[in-house]
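All remarks here apply to the structure that follows.
The values are calculated or read from the model by the stated rules, or taken from the named source; none is laboratory data. On a predicted model such as this, the values are computed, not experimentally measured, just so you know. Reconstructed Cβ throughout: ideal geometry from the backbone, glycine too, with neighbour counts over all protein chains shown.
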Amino acid sequence: MRKMPDKGLGEDEVFKKLDDFGKSDVPWRAGKTLAYIYDGGPDVERVAKRAYMQYLTENALDPTVYPSLARMERELVGFAAAHLNGSSDVVGNFTSGGTESCLLAVKTARDYLRAKNPDVREPEIVLPATAHAAFHKAAEYFGLKKIIVPVDAGTFRAIPSKIARAITPKTALVVASATSYAHGVVDPITEIGAIAEAHDVLFHVDGCIGGFILPYFRRLGAPVPAFDFSVPGVTSMSMDWHKYAYCPKGASVVLYKDKALRRFQLFATADWTGYPIVNPTMLSAKSGGPLAAAWAVINYLGDSGYLALARRTLAATQKILAGIESIPGLRVLGQPDANLIAFTSDEFPIFNLIDEMKKDGWYIQAQYGFGGSEANIHLSIGQSALEKADAFVADLGRATERARAIPPSPLVALVKAELAKAAADGPPDPKQIEMLMSAVGISGGRLPERMADLNQILNLLPPEVTKVALTDFFNDLIVQPRG
């Protein structure tokens, strides 16, 4: 057990320790991190931090105490509604991120269905296989049954006819993506909207990662299909500011077609001994920093600034996409509508490529096979990737040759054989999973230097078994420090 120091450390010593802690973090400012990071450049970072610190200590719990925060939230909701072609009736709230926005949309839909049809005991949510994991989390948190619908095996877009067949009187919400995280494609929103409208069912378009940048890509000539509130049947949307609006985390917005629907999102109670509480979002007490920083960055860049950044992002995406398609042995999955790319290989285990690119300082993301999508690598491309695009493609070509030469892993082969033998007996038990993870170098919350074998094994396991393995790993990761 480690206790806090008896005496406080000096300011210099505190920040030296923080600097030391950060030495093992991904060096994202080098421009070689193509996941998780959304870099608007040093000027944007400076403005964001200044606004964030100005409102760091203000509590966004009660907008009547801080009317400045209420004003900024109203303006951000207005910006988002206009950006997504919403009418003057559209309302919404600033949230801590895309996951909270999606959770709120699902909670709202569940409570709306309960009010409309109190006899429904187990509400359902219709999800294409490509819908973000946040909706799975929401279903688990709020007690909805997931109805997972296959997507087109070539385009990875939702199939409207299959969604139509999945809708029942118990359906609380239909979800589609603009764009999907995994493959960067826009689902057929117009067709799904018509189906939702015909069935009188709420329809949420998840624009968390694509909603902000897609209108700019359209203005730059990209063939972006209709996806927003201009589509009949769309009743709610989510859009993140902290992705391609380049605001600090966490900053997102959830929008509804009108106040009558948004009412089901709010929580209020006077059933305790303290003050009456009204929470429009999941969090209660929260810093005003993210809200102020988002407002500041958006006003600093303005529409013309974002159009310029989107132009750079589109150019970087086109360069990298063409580069991947030119490398023998690599294959792009689907045809991305935005700046997210997934690619795989039919000639070697694709996860080896992640380790090889790491040698050159690149961070790229593994995605496991599911719902008709093969194991692949995901890239999230931002404006800062433009100067690095040629270097990325060159390094990717060389890394592909190295990955191709890596012999098959005997451990992966052994696991594959054991899984085949055990298929009749059901999935591995927790003890077997622990042994598997130990064999690839996982113990005590530590990961191996090379991740390819681990990723290949997790990709082989049934999703419910991978879930157990990941849960156990993260359960070991944050424990009291020893020594």
Next on the checklist: I'd like to verify a number: residues in the stretch 362-374 that are crowded, with 18+ Cβ neighbours inside 10 Å and out of contact with any helix residue (DSSP H, G or I) (no Cβ under 6 Å at 6 or more places or on another chain), how many?
Outcome noted: 3
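Quick one: which strands (runs of 3 or more DSSP E) lie wholly within the stretch 184-258 and hold at least 2 residues that are over 27 Å from Lys286 (Cα atoms)? Let's see the steps before the verdict.
Details: elements: 202-206, 236-240, 252-256.
In the stretch 184-258, the matching strands (runs of 3 or more DSSP E) lie at 202-206.
Filter the stretch 296-335 for residues that are among the hydroxyl-bearing types (Ser, Thr, Tyr) and more than 20 Å from Leu220 (Cα to Cα); which is surrounded by the fewest Cβ atoms within 10 Å (Cβ to Cβ)?
From the stretch 296-335, those among the hydroxyl-bearing types (Ser, Thr, Tyr) are 300, 304, 306, 313, 317, 326; that's our starting set.
Those still in the list that are more than 20 Å from Leu220 (Cα to Cα) too: 300, 326.
Numbers: Tyr300: 17, Ser326: 11.
Checking each candidate, the answer is Ser326.
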Next on the checklist: Among the residues of the stretch 304-312, are any under 30 Å from Pro128 (Cα atoms), in a helix (DSSP H, G or I) and touching a residue at least 40 places away in the same chain (Cβ under 8 Å)?
Outcome noted: yes
Checklist entry - Does Ala166 qualify as being more than 22 Å from the chain's Cα centre (by Cα) and of a type in the set (A, V, I, L, M)? => result yes
Checklist outcome for this item: For the stretch 228-262, the count of residues that are among the hydrophobic types (A, V, I, L, M, F, W, C) and within 18 Å of the chain's Cα centre (by Cα) equals 9
Item to check | Residues located in the stretch 164-181, provided they are in contact with a helix residue (DSSP H, G or I) (Cβ under 9 Å, 6 or more places away or on another chain), within 16 Å of Ser238 (Cβ to Cβ) and in a loop (DSSP other than H, G, I, E, B) | outcome: Ala178, Thr179, Tyr181
Checklist entry - So Ser161 fits all but one of (1) polar (S, T, N, Q); (2) within 30 Å of Ala293 (Cα to Cα); (3) part of a helix (DSSP H, G or I); what number is the exception? => result (2)
Next on the checklist: Let me confirm something: among Gly86, Gly31, Gly41, Gly78, which residue is modelled with pLDDT of 90 or more and at positive phi?
Outcome noted: Gly41
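Identify, please: which residue in the stretch 214-231 is in contact with a Phe, Trp or Tyr (Cβ under 8 Å, 6 or more places away or on another chain) and not hydroxyl-bearing (Ser, Thr, Tyr) and is, among those, farthest from Ala316 (Cα to Cα)?
Going through the qualifying residues, I end up with Val224.
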Item to check | Filter pass, Gly184 being in the same structural domain as Gly207 (by TED's automatic domain parsing), surrounded by fewer than 24 Cβ atoms within 10 Å (Cβ to Cβ) and not acidic (Asp, Glu) | outcome: no
Checklist entry - Are any of the residues in the stretch 228-243 closer than 21 Å to Ser384 by Cβ, surrounded by fewer than 22 Cβ atoms within 10 Å (Cβ to Cβ), modelled with pLDDT of 95 or more and not hydroxyl-bearing (Ser, Thr, Tyr)? => result no
Checklist entry - Residues in the stretch 46-59 that are touching a Lys or Arg at 6+ places or on another chain (Cβ under 8 Å) and part of a helix (DSSP H, G or I): how many? => result 0
Next on the checklist: Which count do you get for residues in the stretch 375-393 that are surrounded by fewer than 17 Cβ atoms within 10 Å (Cβ to Cβ) and touching a residue at least 12 places away in the same chain (Cβ under 8 Å)?
Outcome noted: 2
Item to check | Complete set of residues in the stretch 93-107 that are more than 22 Å from Ser180 (Cβ to Cβ) and surrounded by 23 or more Cβ atoms within 10 Å (Cβ to Cβ) | outcome: Phe94
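Residues are listed down the side, and each one gets a yes or a no for (1) of a type outside the set (Lys, Arg); (2) farther than 24 Å from Ile478 by Cα:
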{"position": "Val26", "(1), (2)": "yes, no"}
{"position": "Gly31", "(1), (2)": "yes, yes"}
{"position": "Arg50", "(1), (2)": "no, yes"}
{"position": "Met53", "(1), (2)": "yes, yes"}
Item to check | Test set (1) assigned to a helix (DSSP H, G or I); (2) within 23 Å of the chain's Cα centre (by Cα); (3) not assigned by TED's automatic domain parsing to the domain that holds Thr95 - Asp43 fails condition number | outcome: (2)
Next on the checklist: Please determine whether any residue of the stretch 214-222 is touching a strand residue (DSSP E or B) at 6+ places or on another chain (Cβ under 6 Å), crowded, with 21+ Cβ neighbours inside 10 Å and under 18 Å from Cys102 (Cβ atoms).
Outcome noted: no
Checklist entry - What do you reckon, is Ile159 crowded, with 24+ Cβ neighbours inside 10 Å and among the hydrophobic types (A, V, I, L, M, F, W, C)? => result no
Next on the checklist: Any residue that is farther than 20 Å from Tyr368 by Cα, surrounded by 11 or more Cβ atoms within 10 Å (Cβ to Cβ) and modelled with pLDDT of 70 or more - is there at least one of those in the stretch 460-477?
Outcome noted: yes
Checklist entry - Of the residues that make up the stretch 282-291, is at least one in a loop (DSSP other than H, G, I, E, B), surrounded by fewer than 17 Cβ atoms within 10 Å (Cβ to Cβ), among the hydrophobic types (A, V, I, L, M, F, W, C) and in contact with a Leu (Cβ under 7 Å, 6 or more places away or on another chain)? => result yes
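Against the condition buried (at least 21 other Cβ atoms within 10 Å of the Cβ), in the same structural domain as Leu261 (by TED's automatic domain parsing) and closer than 26 Å to Tyr275 by Cα, how does Glu73 come out, does it pass?
Numbers: buried (at least 21 other Cβ atoms within 10 Å of the Cβ): yes; in the same structural domain as Leu261 (by TED's automatic domain parsing): yes; closer than 26 Å to Tyr275 by Cα: yes.
So Glu73 passes the test.
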Item to check | Checking Ser88 against (1) surrounded by fewer than 20 Cβ atoms within 10 Å (Cβ to Cβ); (2) farther than 15 Å from Arg262 by Cα; (3) small (Gly, Ala, Ser), the condition it does not meet | outcome: (2)
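If you scan the stretch 106-127, which residues turn out to be in a helix (DSSP H, G or I) and not small (Gly, Ala, Ser)?
Across the stretch 106-127, the qualifying residues are Val106, Lys107, Thr108, Arg110, Asp111, Tyr112, Leu113, Arg114, Lys116.
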